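Here is the structure we will look at.
Please treat every number below as a calculation from the coordinates, not as lab data. Predicted, not measured: the structure shown is a model, and the values here were computed from it. Cβ: placed from backbone, ideal geometry, glycine included. Neighbour counts: every protein chain shown.
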Amino acid sequence: MPAGFYGPDLACVHDAGFLGFARGAAPWVLKRLARRCEPGARVVEIGCGSGGLTAALAAAGYRVIGVDISRAMIRRARRRAPTAAYRVASWYRWAPPPCEAIVAVGECLNYLAATPARHRRALTAFFGRAGAALRPGGLLLFDLLEPHPAVPPRRTVAAEGAGWAIRAEIAEAGGLITRRMTLHREVAGRRRTRHETHRQCRLSREPIAAALRAAGFVVSWRDGYGRRRLPPGHVVAEALRLFG
């Protein structure tokens with residue numbers, strides 16, 4: 001990922017206008033964790049962003065480690081959930097410590113690691129590290145973008161709020177997603193414009209399930225976070241670390 005990935009302006013816009021996804025997922029995530037984790041258990045959150053889910057995890061009594069590649073996002077998460085611990089790191093290489101659960105909400109595992117082939121290798125290695133960190137019976141929860149015929153190859157998404165606006169031109173080809181974003185933000189009475197380009201790759205369930213099995217997991221697939229259903233091409237994986 002580029003050094004400016006989710007820089008200060010995009011972090012601000014995301015926090016102001018797009019925190020609802022993580023917050024909407026939180027009730028179901030907490031219910032699933034409660035079935036596997038005792039109060040005070042260590043939970044690692046990959047791609048914590050500005051702390052929408054992190055705050056809910058911490059409020060529920062878990063010892064949370066929030067991990068994100070964006071320093072700007074981590075700064076916001078610290079303010080929202082100050083009792084959590086944080087690491088500025090990428091899931092591509094970071095090794096979780098021993099823990100009872102790992103969660104990754106917001107399609108962060110789809111962000112492209114250089115090429116699709118390298119991405120698949122990086123994801124397989126991550127599952128191996130997650131399996132080594134989790135105790136038997138531990139939980140790995142994440143959502144993915146997967147191939148779906150109903151997803152249009154080109155589309156535009158725009159949103160705005162108090163002091164900010166964003167427009168994203170999205171193009172897909174061969175399972176690769178390119179988001180070219182232009183954002184405007186008012187700072188100290190002046191309007192400034194920033195650009196970021198993000199790339200993701202859609203991931204099919206079968207190879208993901210095979211990689212999880214090789215890492216010691218059994219996986220179930222769901223169409224959303226409880227009552228929060230996800231759009232076509234977006235799926236939730238609930239992977240249980242096997243005993244033995």
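Details
- For region 55-98 and region 179-234, distance of Cα centres in Å: 18
- Database remark: amide H of residue 113 closer than 5 angstrom to the amide H of 119 (H placed geometrically; neighbours at sequence offset of 5 or more, or on other chains; Pro and chain starts carry no H).
- Residue-count net charge about residue 131 - beta-carbon cut-off 14 Å; Lys, Arg +1, Asp, Glu -1: +3
- For the chain, calculated [θ]222 nm from helices alone, where every DSSP H run of n ≥ 4 adds -39500 (n - 2.57): -9500 deg cm²/dmol
- Each residue of region 176-193 was assigned a 3J(HN,Hα) from its phi angle through the Karplus curve 6.51 cos²θ - 1.76 cosθ + 1.60 (θ = phi - 60°); the sequence is 9, 10, 10, 10, 9, 10, 10, 10, 10, 9, 8, 10, 6, x, 10, 9, 10, 10 Hz, with glycine and proline shown as x.
- Sequence ranges 137-147, 204-214, ranked by mean other-Cβ count within 10 angstrom, highest first: 137-147, 204-214
- Listed residue (200, 170, 56) projecting farthest to the positive dipole end of the chain, Cβ model: 56
- Near residue 51, once Lys and Arg are set to +1 and Asp and Glu to -1 for all other residues with Cβ below 12 Å from its Cβ, the sum equals +3.
- The antiparallel fraction among DSSP beta bridges confined to the chain stands at about 75%.
- Peptide ranges 92-104, 50-62, 160-172 listed from the most packed, as the mean C-beta count within 10 angstrom indicates: 50-62, 92-104, 160-172
- Taking other residues whose beta carbon is less than 13 angstrom from the beta carbon of residue 158, and scoring Lys, Arg as +1 and Asp, Glu as -1, yields +2.
- Proximity of backbone amide H atoms, modeled 1.01 Å from N, is registered between residue 225 and 230 at under 5 Å, excluding neighbours fewer than 5 places apart on the same chain.
- Where both bridge residues fall in region 48-172, DSSP classifies roughly 45% of the beta bridges as antiparallel.
- Helix runs (DSSP H) in the chain reaching 30 Å along axis by Cα, Kyte-Doolittle at least -0.5: none
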